[in-house]
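Input: a single structure, listed below in structure tokens.
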Amino acid sequence: MREPGFFVPPMLAVTAQEPFDDSQWIYEVKWDGYRCQIHWNGTLRLYSRQGHDLLTQFPDLQDAGTFLPFPMVLDADHPGQRVRFWQKFLAEYRQWALVPYVSRRKHHGGWLWAIVSAETQLPLGLLPAPRSWSVPEELQQTSADMVPLKPPLHAEVSYRMLTDTGRMRHGRIRRWRR
């Protein structure tokens with residue numbers, strides 16, 4: 001482990017054949033901004049992805065280190081001027097919802113679950129069915145686009161926000177039960 005104050009080259013993204021999908025991981029929305037490292041050891045340093053000093057571009061952050069409780073290095077994404085500051089720290093909301101229908105429309109080779117609010121019965125959106133769910137035989141026999149599940153499944157979903165029309169943004173299924 002290096003002491004804070006010395007730039008550490010970050011791990012960069014790589015190209016893949018298809019999107020990574022694993023229920024054990026939480027994903028962060030990538031907003032337009034600056035990838036940076038925040039180093040605090042009594043002196044604040046803010047490094048760009050290439051190791052350049054970002055405090056010259058963002059002098060208003062000079063006192064940010066006083067909020068950190070001890071020396072540390074943080075991997076961060078500074079929103080810069082393109083994104084409102086509050087958007088970088090959106091909460092992840094969770095709720096238990098119902099899955100009354102599944103869709104035959106395939107998503108990367110899998111089925112889609114129709115998610116509705118357990119409280120209001122209003123639709124929240126379509127999400128890829130978890131790999132742990134096996135399609136019942138009777139569902140494979142039908143040609144309907146939306147197939148009812150009786151009884152409906154229960155799914156804990158997480159999302160960043162709801163749109164103006166009540167749909168989940170960046171939703172995913174965390175766990176489910178019959």
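The values are calculated or read from the model by the stated rules, or taken from the named source; none is laboratory data. Model, not experiment: these values are computed from the prediction. In this analysis, Cβ positions are derived from the backbone assuming ideal geometry, glycine residues included, and neighbour counts consider all displayed protein chains.
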*Kindly indicate whether ARG82 is at pLDDT below 75, loosely packed, with under 11 Cβ neighbours inside 10 Å and more than 30 Å from VAL157 (Cβ to Cβ).*
no
_If I ask for residues that are under 15 Å from ASP75 (Cα atoms) and charged (D, E, K, R), which ones from the range 45-65 would you list?_
ARG45, ARG49, ASP53
